[in-house]
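In what follows, a structure is listed as structure tokens, so that the remarks can point back to it.
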């Protein structure tokens, strides 16, 4: 797995943090952290979409962010555990993994990244 995919996974992790922050931030520092996470997450998303196919990047970003947010809600915020939700998350993650497996990187963009 190359650095672009790792960046995308990190951006999705930050998305989970900022979505949680939008719901649970109640002071200046929490809002500041949320805004910083939004900016960094979206910046990484844009830079990765310049190398990988934008539709695939966005689908994976949103899919991982959604799955992470639902799991965080269950684990940390008292959302009730439901097998239906877990099944749907697993289907979503299967689609995300499938997109990663069938996505070919543009050789020209990869070479540009390797040079810079």
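Just so you know, all these numbers are worked out from the coordinates, no wet-lab data involved. The shown structure was predicted, so the numbers you read here are calculated from the model rather than taken from an experiment. All Cβ positions, glycine included, derive from the backbone under ideal geometry; neighbour counts span all protein chains shown.
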- Query: Going by alpha carbons, how many degrees (0 to 90, nearest 10) lie between the helix axis of 54-76 and the longest principal axis of the chain?
  - Reply: 30 degrees
- Item | Sorted by Cβ neighbour density within 10 Å, fewest at the top, the residues 8, 52, 101 | 101, 52, 8
- Item | the chain: angle of helix 3-24 to the longest principal axis, Cα-based, in degrees nearest 10 | 20 degrees
- Expected 222 nm ellipticity per residue - DSSP helices of 4 or more, -39500 (n - 2.57), all of the chain, to 500: -28500 deg cm²/dmol
- Query: Helix 28-49 versus the longest principal axis of the chain: what is the Cα-based angle in degrees, 0 to 90, to the nearest 10?
  - Reply: 30 degrees
- Query: What percent do you get for the relative contact order of the range 1-93 when only Cα pairs under 8 Å and 6+ apart count?
  - Reply: 33 percent
- Roughly speaking, what is the stretch gain from residue 59 to residue 31, that is 0.36 nm per residue apart minus the C-alpha to C-alpha distance, in nm to one decimal? 7.4 nm
